[in-house]
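Before any comments, here is the structure.
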Amino acid sequence: MTAAKHKDTESAEESPEDKQVWRDLVGFWILGLCNNFGYVVMLSAAHDIIARFDTQTKHVEEVKSEVLQRQCHIVSTGAILLADVVPGLVVKVIVPFLPFWVNTRVISAIFLTSMSFLLVAFANSDVIAIIGVACTSAACGIGESTILAYTSNYNKNTLSTWSSGTGGAGIIGSIAYAGLVAIGLNSRDTMLIMMSVPLLQCVAFWVILRKPQEKSDTAISVIDMSEDSQKLEGYLERLKYMSKLLKYMIPLLFVYFFEYFINQGLFELEYFENSFLDKEAQYRWLCVDYQIGVFISRSSVNLISFRQIWILSLLQFFNVVYFLTEVIYFYSPTIWIPFAVVLWEGLLGGGAYVNTFYRMAKDIPQSRREFAIGVTVQADSLGIMIAGFLALPVHNAICRMPEYKRLTFS
C-alpha cells in the first residue's frame, strides 16, 4: 500500500511531457546559489573581519609561553560564526508557523542580503560588521526555510538542484572572496562586488522560475487517504508532528555540529610555517577546499543516495579528533593532509544535508512535506550554533597552550 501510494505521489507530482521543467531546475539551482552565497562569503571573510577590528594584535601576548608563541586572535572566528547562524536559527524556528507568503519572504531575504554586504563593506567598528553578518544569517534562514519547502510544489528533482546550488555557493563564494583578495582588492571593494548576487536572486525567482501548478483535489484525495497524510491544521497539531521529524533532525544536527566546530574553532589555529601560503591564505583556501567537498556531495544525490545519516555523524566525529589533536601538537608533516581531511569533511556534511531532505521528499506525504522540511532545516543551524559557542572557549584555551614544533619530512 505504501509503495503504491509513493508511486501515485510521484506520478501526481511529475509531468513527463513538461518540456519547460528545465526552468524550474535552473531557477532552484540559482536560488540555492544566491541564498547561501552571502553566508559562505562571511565565513570565508571571518578571519579578515576579526583582524580588521582586532586592536589586540599582540596574539595573546599576556600569556608567556616557555616554548613558542601561537599565532591566533584572542577572539576566534567562531564569533563571526555565531553572528552568521544565530539570527538564521531564530528565523527558521518562527517561519514554519507563519503564513506561507512566498513573495514577501523572498523580498525580505533579498533586502537583508543587500544590507549585509553594505554594512560589512562600510563598517567602521566590529559591532556594525557583526550586525551586517547577522543580516546575512537572517536572509539565509528566511530563504532556506521558504524556498527549500517551496520545492514540494515542483518536480522532485528541484530539491536536488537546490542542494547543488547551495553547494555551488560554497565553491563560488569562497573562491570569489579568496581570489578577489589575492589579486589585491580590499574587503570593502570585495563586498560591494557581491551586491550583484541579490539582483541575480530576483531574476531567478521572478523571471526564470515558473509559478507552481495547482494540484487537483481529486489527485490529492487519492494520495492522501491515511490520517498521517492529512494536512496539518493549527499550531498544536504542528508541534505534535515535530516529534516524528527527530529521526531526520538529530543526525543532521550532529554532522553540522562536528564540522563547524572544526571550521570555526580549529581552522584558524592550523598553520604551516614554511608553506607556499601565508597564514591568512591558508585559512581562506581551507574554506575553499571544504566547499568543494560540499558541492560534490550535494550534487550527487541522483547518483548515490543513502538513508543512514548517523554513520556520517560518526565519521565526522573522527575528523574532530584529528583536527583537535593536530592543532595542539602539529604532528601532520605536510599541509596536504589537513587539506585531504577537510575535503572529506565537506563530502560528509554535504552528503548528510542533501540525503536528509531527499529521504524526506520520498517518505513524507506532499501535504505535510512543506512544513516538515521547513522545520528540519533548523537542525543544521542548531548544530552550527552549538559549535560556535563551544568553539570560542576551546579556541582560546588552545591559544594559551605552548606551541610545539611541527614534524616535517626530512
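FYI, it's all coordinate maths here, none of it is from the lab. Keep in mind it's a predicted model, so treat the numbers as computed, not measured. Glycine gets a Cβ as well: all are built from the backbone with ideal geometry, and neighbour counts include every protein chain shown.
Around residue 179, what is the net charge, scoring Lys/Arg as +1 and Asp/Glu as -1 over all other residues with Cβ under 15 Å from its Cβ? Mind showing how you got there, number by number?
Numbers: positive: 284; negative: 48, 189, 280, 289.
That sum, taken over residues with Cβ under 15 Å, equals -3.
Figure the gain on full extension for residue 318 and residue 124 (residue separation times 0.36 nm, minus the Cα-Cα span) and round it to one decimal in nm.
65.8 nm
How would segment 297-410 be classified by its alpha-carbon gyration tensor: rounded, prolate or oblate, with rounded meaning a/c under 1.5 and the a/b versus b/c comparison settling the rest? Show your work: numbers first, answer last.
Numbers: a/c = 4.19, a/b = 1.95, b/c = 2.15.
Judged from the Cα gyration tensor, segment 297-410 comes out oblate (a/c at least 1.5, b/c at or above a/b).
How far, in nm, would the chain grow between residue 18 and residue 247 when pulled straight, counting 0.36 nm per residue and subtracting the alpha carbon separation?
So the extension gain works out to 79.0 nm.
List the pairs from 92/362; 19/92; 211/244 whose alpha-carbon separation is above 24 Å, in the order I gave them.
Checking Cα-Cα distances, 19/92; 211/244 exceed 24 Å.
Based on alpha-carbon centroids, what's the gap between segment 325-343 and segment 126-204 in Å, whole number please?
Cα centroid of segment 325-343 versus Cα centroid of segment 126-204: 29 Å apart.
Just check segment 347-387 against the gyration tensor rule for me: Cα atoms, a ≥ b ≥ c as the square roots of the eigenvalues, rounded for a/c under 1.5, and otherwise prolate or oblate depending on whether a/b exceeds b/c.
Note, shape of segment 347-387 comes out oblate.
Please turn the phi angles of segment 270-284 into ³J(HN,Hα) values with the Karplus equation 6.51 cos²θ - 1.76 cosθ + 1.60 (θ = phi - 60°), one per residue in order, whole Hz, x for glycine and proline.
Once θ is set to phi - 60°, the couplings for segment 270-284 become 6, 8, 10, 4, 9, 6, 6, 10, 6, 4, 5, 5, 4, 4, 5 Hz.
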